[in-house]
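First the structure, in the form of structure tokens, and then the observations on it.
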Amino acid sequence: AATGQWCKGVKIAAFPGGPQGGVFANNVYNGYRQAQRDLGPTVKYYFSDWDPAKMVTQWKEAIATKPNGIAMYGFMGPEAAKPLVEESFKKGIIVTTLNTSLVDLQAQYSTQGFGYVGAVNYKAGVDLASEMVKRGKLSAGDSAFVWGLKGQGGDRGQRTVGVIDGFEKLKVKVIYQEIDQATNTTPASGGPTFAGIMAKNPNVKAVVTDHGGLTATAATYMKAANLKAGSVYFGGFDVSPATTTAIESGYLQLVIDQQPFLQGYLPILQICLTKKFGFSGLDVNTAGGFVDKSNVAVVAPLAKVEIR
Amino acid sequence: MQFGIWGVGIAMWLVFVVTASEAFTSKDIYLAFASSTPLFALMAIPLTLIVITGEIDLSFPAVMALSTATFAKIYSGTGNIWLGFAGALIAGTLSGYFNGWLVTYFAIPSLVITIGTGFLFRGIELAWMNGSGVGLTDKELAGVSNLLVGRSFFGIANQFWWAVLATIILWFVLNRTQFGAHVFLTGDNKTSAQLMGVNVNQVKRRTFAIMGFFAAFAGLVASFEVSYFWPTLGEGLLMNSIASVFLGGTSVFGGIGTVTGTFVGSFIIGAINAGIVASGINAFYTQVFFGLVIILSVIMQAVISKKIKR
Amino acid sequence: MQFGIWGVGIAMWLVFVVTASEAFTSKDIYLAFASSTPLFALMAIPLTLIVITGEIDLSFPAVMALSTATFAKIYSGTGNIWLGFAGALIAGTLSGYFNGWLVTYFAIPSLVITIGTGFLFRGIELAWMNGSGVGLTDKELAGVSNLLVGRSFFGIANQFWWAVLATIILWFVLNRTQFGAHVFLTGDNKTSAQLMGVNVNQVKRRTFAIMGFFAAFAGLVASFEVSYFWPTLGEGLLMNSIASVFLGGTSVFGGIGTVTGTFVGSFIIGAINAGIVASGINAFYTQVFFGLVIILSVIMQAVISKKIKR
Amino acid sequence: MSGSAPVIQLKNVSKTFGEVRSLSGVDLEIYPGEIVGLLGDNGAGKSTLVKTIMGFHKPDEGGEIWFKGEKITDWSVAKARDLGIETIYQERALCELQPIWRNMFMGREIKTKFGRLDVKKMRSEATRLMSEHMGFTSTAVHPDNAVLTMSGGEKQGVAITRALYFDAELVILDEPTVGLSLSETKKTLDFVQNIKKSGRSAIFIDHNIFHIYPAVDRMIVLDRGKVAGNYKKSEITMDELIESMYRVARTGSIKE
Amino acid sequence: MSGSAPVIQLKNVSKTFGEVRSLSGVDLEIYPGEIVGLLGDNGAGKSTLVKTIMGFHKPDEGGEIWFKGEKITDWSVAKARDLGIETIYQERALCELQPIWRNMFMGREIKTKFGRLDVKKMRSEATRLMSEHMGFTSTAVHPDNAVLTMSGGEKQGVAITRALYFDAELVILDEPTVGLSLSETKKTLDFVQNIKKSGRSAIFIDHNIFHIYPAVDRMIVLDRGKVAGNYKKSEITMDELIESMYRVARTGSIKE
Ligand SMILES: Nc1ncnc2c1ncn2[C@@H]1O[C@H](COP(=O)(O)OP(=O)(O)OP(=O)(O)O)[C@@H](O)[C@H]1O
Ligand SMILES: Nc1ncnc2c1ncn2[C@@H]1O[C@H](COP(=O)(O)OP(=O)(O)OP(=O)(O)O)[C@@H](O)[C@H]1O
Ligand SMILES: [Mg+2]
Ligand SMILES: [Mg+2]
């Protein structure tokens, strides 16, 4: 086999999923970039802002540029994806997906290189809720506040649904609130909303913010509601430098990390492997595991460079 | 005639043909534009009328979603596609009319009130759908889907023809009906128009209702295009639609504008992103260039229009 | 005086005290407002001036991010906090001035051109930061952090006092300087103002520069508030800021407006969401009510202002 | 004249804006074929009266407007124009960004029998009217030109020509000669004479008594919103009228 | 008079808007203490000339503006006003949403010595001027009222009073009596006389020759952008002037 940038000349269209500079999307992007540097393919990036219509549009435009492979991250639904996957393979373009499984299509095209890298969102939600009940010593009848994005497109919303189901299965009462638009993009503006909820429901024992940005802002929210560090069990998703600081300061207890860097790196690698050596699609679960006070010291420096 | 915008469009196209020749010399990219640009062009075109009357609408993305939700609910409730279709168009038209009523009855600037109704419509839709989407892949829906977003003539998406039709109809309405004449007069000088007997409030309510109608239609098109109704439908389309209208030479101050300009403007907006990515400019620089292209287009359009007028 | 907006504010507060008494009778919620509302109030206040001249700025969220990026880069490069601070304010002011220059030199409506510069500034920032954020938890930053967002007097966040200061300063500028007088004249009737010797283009450029300055300051405040600079900083604040200005009684058509109205308006906008959730209305209905409250506030404000004028 | 019903009649019409009372208890009638001059100081309420007649302002509670002997309840500008009242407003009421032809047919656009706008006809009519009636010397006058760039007098010309076009039963002229050159002023005064000759009526407002006096049959003097005098031309000489106008301005009363 | 340098002098000034040539090769001088009448048909270019003198329009390449014997290169409205030229524009140049006091001091606001706006002074001066100079009868005239709701004549009053306030060396009046009542017109004409008495200069535009002729020392006739005549009052009688104005309108030439 070749050494060094053995994938030179291969053209790939890659979708990091969210907006440019977005919390999660940027880690995926960093993974893509690392693979690009290591392996040498030409990669063009399409940021879809998690917008299904935009993903479809960009996918079509990507096909028009005749790449060798497409690494697709985005929840557009199997109905919309099907014709695009078919058209891509018909034109000899390898499609592989991240974090959004298209089970039937994957089965059909797996031998032609259709792979999957990621964690299952719904399951991640359930896992976090169960782990919080266990570690936070919640019992049946306690209430938990879930602040999430149930209304967001498809699979993304499924993680919030998973958290809610996870709590409810263990008989924990859920108070749900959809994240408003301003808070979604500028987490600091959610302070009064959090304070309002906590004032209305003083017996809340646990909080989950299903949003990387909000999770990172846990300390600010707790202060806004005049709550002491650790007085409620605070959990969330995705690791960022601000998140590790919040864990260290004791405002945030538990974070589940699905290792988005890998979710970017591996699809590029897989397209290169399939293109150069004809391997069929890989199916990789990156569900990472939990970060809390005990292991935050290891993760923090990696979070700073957006690898974890 | 809006020569300015044509000049800008052609100039930009030439640049892309050179910088991104693989993509821009094959027909695929044009087919992609024909299927994706109408999603917002269908709203930018009627928005032109509102802007000419001196108003604006920021709620139409929510109207899109609310009317498509109406379709989904009626269809799943009664199984009747055309009833759902009509219901969606009526819901859209009424939402638009409601905007117009608020604007004219209370004499409140539309820029403010449609921020409010945007939240209201979106909230009603989300609460109604409980935040979940609906697949649109039933066999029974194939007919309507094909009508709205099927492919015809050389594989061009039907929504392109719908956008062309919308342009022709609204061109006629604007330039060859009394209502259209009053749209111009209302936006130019409200008091003068009133002194001469133009019912400016009725004119405004009607432009908003037309906007609502087209937003509903665009919502169905966008949903059938991806065979799924997302409750967040429309959120990314606001800026594109507004930018298309203004790029097309319609005046922010009202009284001046053309739907053909908007039509061309929307294709320019639709092509910018694809053109930049296909030119090999990577990742984060796309926004830099997107911004530059908008700025340059607007400047060129202003300069060319002035030259031609002189 | 803007009695209208005070009436609306008090009415809404009374409703919340009844419907959400647990939250609205304890001081915590007010402290929360004092810390979060200034994030956009600090931009809504200078935006008032731009709107009075008859223009608008949609790029300030990007200016926020770009100038905070400037701070981060200078600080990490030189280790000098105050150099970084000054750099951020200068970057913001220049970005604003650039907007004003484009608007006046090419006579292009600001609504269009600032969509373009918004993308441009955001793109430059993202490319510069390579899309990554920066933690602001260094020991050395504690001083500036405390100055910007520390707590003083009864635990009220400093950013609240900054917003009050901004209101006072810009009130003075608007009502007690010649520049301020020209801001009103420019927005009222540009040609008349020019015929009487007002340099309307210079006036506009300056209002944009002031906007940029405050956007930079708000960017630092918002970032230090969460001890982290997100590259997407500011994106959600656009609508809130604009809504605050118009709710505060500033006219979309220019020539009329007050910064005190905007100040009150921003606290109304800032309180709506918390008030609704604390009233026990959950999940998707919040948006419905958010929309309704905005609509009712605007209507009340219009009705009350008219009553008082008569 | 007094045999037939008045074309327009106001009974006890008042109009208040906030605290400003611009008209109080005005009674007034205009008979067919009559040219009535309306005089009064700046701010006396003349233009407010005109706009109330046109249905632009709604009179305060208690005021009534009668058209040809019928009380009108839902008065509006569109209705007034349909019934045959045309006005040359003091503020001209032009849409300045629009071409001349759109201004000419503003609110009463010409349509083909299918309801389609007859742009061609409107354009050609506009050209004809501008050259035949006003005969402007400037090259700037083309039906597709925006009104914005025209001179003050040219704009006034558009407003006057517009009122002529629709053969109205009652023409109201609110300071029509303002800003017109000598020759244009003469044309406008001739036009007022033509109204009379063709048996129609007019209300003519002008501060120049030399314009008003020769043209009208009757003069109504308005002072601070009230009718302060009502003279047949046979009852008063021009000098007496001038004298009494100065007296009103000085003392606020028309009586000696 | 001809001993001292002209207050303002135009040399070969042309002004073109797109294809419309509003002024072509105008030479003109106004001497200290001189009142000059400017006559011409609608669209002749009078207002364009005024705006060019004020620095609002930049003359086409080749035209020169001289102030008191010095050639001016960077002319602007602010500079013209600073040097002592005030104008009552035909379009009045008011900001209608603003209160009267802001309109009165528009562009030349009163400041305290620390550069702070002296709002109190401006308000009280506005009150004084409106009542002393114009003496309006209407209650609507209060310095905090928006100009918007005032009558046509009241608005004109604001514009005139404003020009008076800043003791200008050269006052330009572009159809100032338009829309004014008899008594207000008289006041304005008196004011023109006062300018002369105090040794300052004026350019006076009016379509009413009965206003112009008694007031001025010299008359300049503009026709389609060109100076078509320049008469000392001693050289022409009023009747001859009227006759020649009609001739210009009819034949386009001032010569018989
Ligand atoms: N929309 C309005 N709101 C408030 N006040 C008004 C309004 N319209 C007119 N007025 C006031 O009513 C009074 C009468 O105004 P009007 O325009 O009728 O006078 P006029 O007789 O036409 O005067 P002129 O000869 O100067 O045109 C004035 O004092 C004016 O300020
Ligand atoms: N900004 C402009 N753009 C284009 N044309 C203009 C502009 N200003 C004036 N004109 C044209 O220049 C010519 C002269 O206009 P101007 O206003 O100077 O005439 P005037 O002598 O003042 O007439 P009036 O007595 O009617 O006020 C007119 O034909 C007018 O249409
Ligand atoms: Mg009047
Ligand atoms: Mg003029």
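The values are calculated or read from the model by the stated rules, or taken from the named source; none is laboratory data. Bear in mind that the values here come from a model prediction, so they are computed numbers and not experimental data. Neighbour counts run over all protein chains shown; Cβ positions are idealised from the backbone, glycine included. When the accessible area is computed, the model is the full protein with side chains, heavy atoms only, and any ligands, DNA or RNA have been set aside. Shrake-Rupley method; radii C 1.70, N 1.55, O 1.52, S 1.80 Å.
Largest accessible area first, the residues D:GLU91, D:GLU109 order themselves as D:GLU91, D:GLU109 under a 1.4 Å probe with ligands, DNA and RNA left out.
Taking every alpha-carbon pair under 8 Å whose residues sit at least 6 apart, chain C reaches a relative contact order of 36 percent.
Which value, in square angstrom to the nearest 100, describes the accessible area buried between chains D and E on both sides, using a 1.4 angstrom probe?
On the way: alone 12720 and 12730 Å², together 23070 Å².
Its buried surface, counting both partners, is about 2400 Å².
With θ taken as phi - 60° and the Karplus curve 6.51 cos²θ - 1.76 cosθ + 1.60 applied, the whole-hertz 3J(HN,Hα) list for segment E:79-90 is 5, 4, 5, 4, 6, x, 10, 10, 10, 9, 6, 4 Hz, x standing for glycine and proline. For the options C:PRO109, C:PRO61, C:PRO231, a Gaussian network treatment of chain C with springs between C-alpha atoms closer than 10 Å singles out C:PRO109 as fluctuating the most. Across the copies of the chain, C:GLN202 has label points (7 Å from Cα along Cα→Cβ) spaced 5.0 nm apart, shortest distance listed first.
Using only the Cα atoms of chain D, construct the convex hull and provide its projected area averaged over every direction, in square nanometres to one decimal. Numbers along the way, then the final one.
Numbers: hull surface 60.6 nm².
Value for chain D: 15.1 nm².
Amide H contacts of D:GLY229: D:VAL221, each under 5 Å away and 5 or more positions distant or on a separate chain (H built 1.01 Å from N in the peptide plane; Pro and chain starts excluded). In sequence order, segment A:219-233 has phi-based couplings of 4, 4, 5, 4, 5, 4, 8, 6, 10, 6, 4, x, 6, 10, 8 Hz under the Karplus curve 6.51 cos²θ - 1.76 cosθ + 1.60, θ = phi - 60°, and Gly or Pro positions carry x. Over all Cα atoms in chain A, the spread is summed up by Rg and Dmax: 20.1, 64 Å.
Translational diffusion of segment E:8-55, estimated by Stokes-Einstein from the Kirkwood radius over alpha carbon pairs at 20 °C in a medium of 1.002 mPa s, is 185 µm² per second. In a simple Cβ point-charge model (Lys, Arg +1; Asp, Glu -1; nothing else charged), chain D has a dipole of about 660 debye relative to its Cα centre. Distant-in-sequence amide contacts of A:VAL207, defined by a placed amide H-H separation under 5 Å and a gap of 5 or more residues or a different chain, comprise A:PHE145, A:TYR233, A:PHE234, A:GLY235.
Annotation for segment B:108-165 versus segment A:229-261: alpha-carbon center distance of 39 Å.
Inter-copy label distances at B:MET239, using a point 7 Å along Cα-to-Cβ, come to 1.4 nm with the shortest given first.
Spin-label model, C:ASN282 to E:ARG128: label points 7 Å out along the Cα-to-beta-carbon direction sit 7.0 nm apart. Each peptide in A:35-41, B:62-68 was scored by the mean count of other Cβ atoms within 10 Å over its residues; highest first, the order is B:62-68, A:35-41.
Lys and Arg at +1, Asp and Glu at -1: add these up for the other residues within a Cβ distance under 11 Å of C:PRO61 and post the number.
Computed value for this residue: -2.
The alpha carbon centroids of segment C:27-79 and segment B:250-295 are separated by 27 Å.
Working from Cα pairs under 8 Å separated by at least six residues, relative contact order for chain A is 21 percent. Antiparallel beta bridges, as assigned by DSSP with both residues in the protein assembly as shown, represent about 45 percent of the total such bridges. Solvent-accessible area of segment C:2-309 (1.4 angstrom probe, protein heavy atoms only): carbon and sulfur portion equals 69 percent. A point 7 Å from Cα along Cα→Cβ stands in for B:LEU83, and the other copies hold the same point at 7.3 nm, listed in rising order.
Over segment A:2-85, the ratio between the Cα radius of gyration and 2.2 N^0.38 Å evaluates to 1.11.
Inter-part distance, segment E:144-210 to segment A:150-191, computed on C-alpha centroids, equals 70 Å. Pairing chains C and A buries close to 3000 square angstrom of accessible surface in total, based on protein heavy atoms and a 1.4 angstrom probe. Using the beta-carbon distance between C:ARG151 and B:ASN130 and R0 = 25 Å, what value does 1/(1 + (r/R0)^6) give for FRET efficiency, to the nearest 0.05? Once rounded, the FRET efficiency stands at 0.05. Averaged over peptide B:25-36, the number of partner chain Cβ atoms lying within 10 Å of each residue's Cβ comes to 4.
The mean sequence distance of close C-alpha pairs (under 8 Å, at least 6 residues apart), as a share of the length of chain D, puts its relative contact order at 26 percent.
Scattering from the protein assembly as shown was approximated by placing one identical point on each alpha carbon and applying the Debye formula without solvent; log10 I(q)/I(0) at 0.06, 0.08 1/Å stands at -0.63, -1.03. Computed over neighbours whose Cβ is under 13 Å from that of B:ALA274, the net charge equals 0, Lys and Arg +1, Asp and Glu -1.
The helix-only estimate of mean residue ellipticity at 222 nm for the protein assembly as shown, built from DSSP H runs of length n ≥ 4 each weighted as -39500 (n - 2.57), is -17000 deg cm²/dmol after division by the residue total. For D:LYS111, the amide hydrogen comes within under 5 Å of the amide hydrogens of D:ASP118, counting only partners 5 or more places away or on other chains and with H modelled in the peptide plane.
What's the average, rounded to a whole number, of partner chain beta-carbon atoms within 10 Å of each residue's beta-carbon in E:94-104?
Values: counts 6, 13, 4, 10, 10, 1, 0, 0, 4, 5, 0.
Average neighbour count from other chains, rounded to a whole number: 5.
Sorting A:213-219, D:64-70 by their mean Cβ neighbour count within 10 Å, with the most densely packed peptide first, gives A:213-219, D:64-70.
Shielding value for D:168-181 is 3, the average number of Cβ atoms from other chains within 10 Å of each residue's Cβ. In this calculation the C-beta distance from B:ASN175 to D:ASP167 is compared with R0 = 41 Å, giving a FRET efficiency of 0.90.
Each other residue within a Cβ distance under 9 Å of B:GLU235 adds +1 if Lys or Arg and -1 if Asp or Glu, for a net charge of -1. Simple point charges give the picture: +1 on the Cβ of Lys and Arg, -1 on the Cβ of Asp and Glu, and for the protein assembly as shown a dipole about the Cα centre of about 800 debye.
Of the peptides A:294-303, A:122-131, C:153-162, the ranking by mean beta-carbon count within 10 Å, highest at the top, reads A:122-131, C:153-162, A:294-303.
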